[in-house]
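Structure, as structure tokens:
The values are calculated or read from the model by the stated rules, or taken from the named source; none is laboratory data. Computed from a prediction, not measured in an experiment: that's the story for all the values here. All Cβ positions, glycine included, derive from the backbone under ideal geometry; neighbour counts span all protein chains shown. Just so you know, the surface numbers come from the protein's heavy atoms only, side chains and all, with ligands and any DNA or RNA stripped out. Shrake-Rupley method; radii C 1.70, N 1.55, O 1.52, S 1.80 Å.
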Amino acid sequence: MTEFTPWASLAGGALIGLAVVLLMALHGRIAGMTGVLTGVLTGERGWRLAFLAGAVLAPLLITRVLGAEVPFASPAGWPWILVSGLLVGIGVTFGGGCTSGHGICGNARLSKRSILATICFMLSAGVTVYGIRHLIGGL
Amino acid sequence: MPVIAAALIGMIFGSGILLGGMANPAKVLNFFDVAGNWDPSLLFVMGGALAVGFIGYRLVLRRPRPVFDTRFHLPAKSTIDTSLIGGSILFGIGWGIAGFCPGGAIPGLGLLRPEPLLFLAAMSAGILIARRIRGAR
């Protein structure tokens with residue numbers, strides 16, 4: 001079980017939206033984690049690496065320095081995390097984006113590609129979770 | 001200056017993911033478990049982000065150019081193809097298996113737990129493999 005957190009999630013979403021808008025206003029870039037990470041992996045550092053570093057640093061400071069308790073549980077074990085990572089990496093590369101690039105930035109621009117991509121990955125994730133939890137009874 | 005600004009924007013992004021509960025794979029997976037322990041939080045994260053993003057993009061993209069660049073870098077592609085659909089379906093399957101997506105796992109690294117690191121290592125390998133496959137085509 002995880003607790004339903006409507007206000008914290010709405011506020012968290014608004015912060016993500018703010019970051020997305022600021023990266024466009026200042027750098028003229030889409031804040032898609034897939035695109036930014038792929039750039040860093042293929043040697044384009046600069047603002048991309050700084051953006052990723054900031055995204056890692058904030059949770060580190062919030063939990064270690066401010067001492068906030070953040071719930072975290074990974075229902076999947078290590079072998080399945082590896083499988084999942086490979087599938088996600090291949091999928092987002094062919095699909096041209098993920099939950100941030102398509103799901104937030106693309107949908108906020110009303111991009112047809114992003115709307116379709118979002119429908120595809122939301123449905124396939126839903127079917128996968130249903131299959132794992134209710135058909136085969138967990139991994 | 002662009003680098004410092006990007007780091008600060010990244011911090012806002014990471015804080016949003018953490019506050020929204022999206023660095024927690026159990027919470028993400030429970031969003032999809034409508035038939036079980038449903039937790040609709042992810043919908044509120046998307047809603048909040050889209051509301052701010054939709055209005056903010058409209059204001060920003062009206063301007064002639066971004067502050068640190070000569071132009072806005074918007075995706076040029078507008079065609080629907082099998083790569084978009086197949087890739088997105090594959091991403092959803094991977095996302096549904098462990099509850100990690102790129103935007104959740106990168107801030108998740110800051111929690112200093114092994115799972116996000118493991119996921120990101122495999123995902124990075126997946127990205128590089130897919131780029132080789134695509135390049136060879």
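Using a 1.4 Å probe and counting only protein heavy atoms, how much accessible surface gets buried when B and A come together, both sides summed, in Å² to the nearest 100?
Details: alone 10750 and 10750 Å², together 11910 Å².
Interface area, both chains combined: 9600 Å², rounded to the nearest 100.
Taking a ≥ b ≥ c as the square roots of the eigenvalues of the alpha-carbon gyration tensor, the range A:1-97 is classed oblate because a/c is 1.5 or more while a/b is no larger than b/c. Annotation for the range A:23-41 versus the range A:42-104: alpha-carbon center distance of 13 Å.
Loop-resident chymotrypsin sites (Phe, Trp or Tyr not before Pro) (DSSP state other than H, G, I, E or B) in the range B:9-45 with no more than 15 further Cβ atoms inside 10 Å of their Cβ: B:Trp38.
Computed from point charges on the beta carbon alone (+1 for Lys and Arg, -1 for Asp and Glu), the dipole magnitude for the protein assembly as shown about its Cα centre is near 1040 Debye. Think of chain B as a dipole: +1 on every Lys or Arg Cβ, -1 on every Asp or Glu Cβ, centred on the Cα centre; then among B:Phe32, B:Phe100, B:His73, B:His73 lies furthest on the positive end. A simple rule links phi to the HN-Hα coupling: the Karplus curve 6.51 cos²θ - 1.76 cosθ + 1.60 with θ = phi - 60°, which for the range B:59-73 gives 6, 6, 6, 6, 6, x, 6, x, 5, 9, 9, 7, 8, 7, 9 Hz, with x for Gly and Pro. Extending 7 Å from the Cα toward the beta-carbon at both B:Arg65 and B:Arg113 defines two label points whose distance is 4.5 nm. Loop-located trypsin sites (Lys or Arg not before Pro) across the range B:1-68 with a Cβ neighbour count of 13 or fewer within 10 Å are B:Arg62, with loop assigned by DSSP. Here each label is just a point 7 Å from Cα along the line to Cβ, and for A:Trp78 and B:Ala125 those points are 1.3 nm apart.
With θ taken as phi - 60° and the Karplus curve 6.51 cos²θ - 1.76 cosθ + 1.60 applied, the whole-hertz 3J(HN,Hα) list for the range A:57-64 is 5, 4, x, 4, 5, 5, 8, 8 Hz, x standing for glycine and proline.
For the segment A:35-46, counting C-beta atoms of other chains within 10 Å of every residue's C-beta and taking the mean gives 3. Between B:Thr79 and B:Phe54, the modelled labels are 3.0 nm apart [label points 7 Å from Cα along Cα→Cβ]. Solvent-accessible surface of the range B:33-133, taken per residue with a 1.4 Å probe and all protein chains present: 47 Å². Considering only A:Leu87, A:Phe51, A:Gly13, and ranking their Cα positions along the charge dipole of the protein assembly as shown that arises from unit charges at the beta-carbon of Lys, Arg, Asp and Glu, the one farthest toward the positive end is A:Phe51. Would you work out if the range B:15-137 is rounded, prolate or oblate? Take a ≥ b ≥ c from the square roots of the eigenvalues of the alpha-carbon gyration tensor; rounded if a/c is under 1.5, else prolate when a/b is larger than b/c, oblate otherwise. Since a/c reaches 1.5 but b/c is at least a/b, the shape of the range B:15-137 is classed as oblate.
Neighbouring Cβ atoms from other chains, within 10 Å of the Cβ of residues in B:72-85, number 5 on average.
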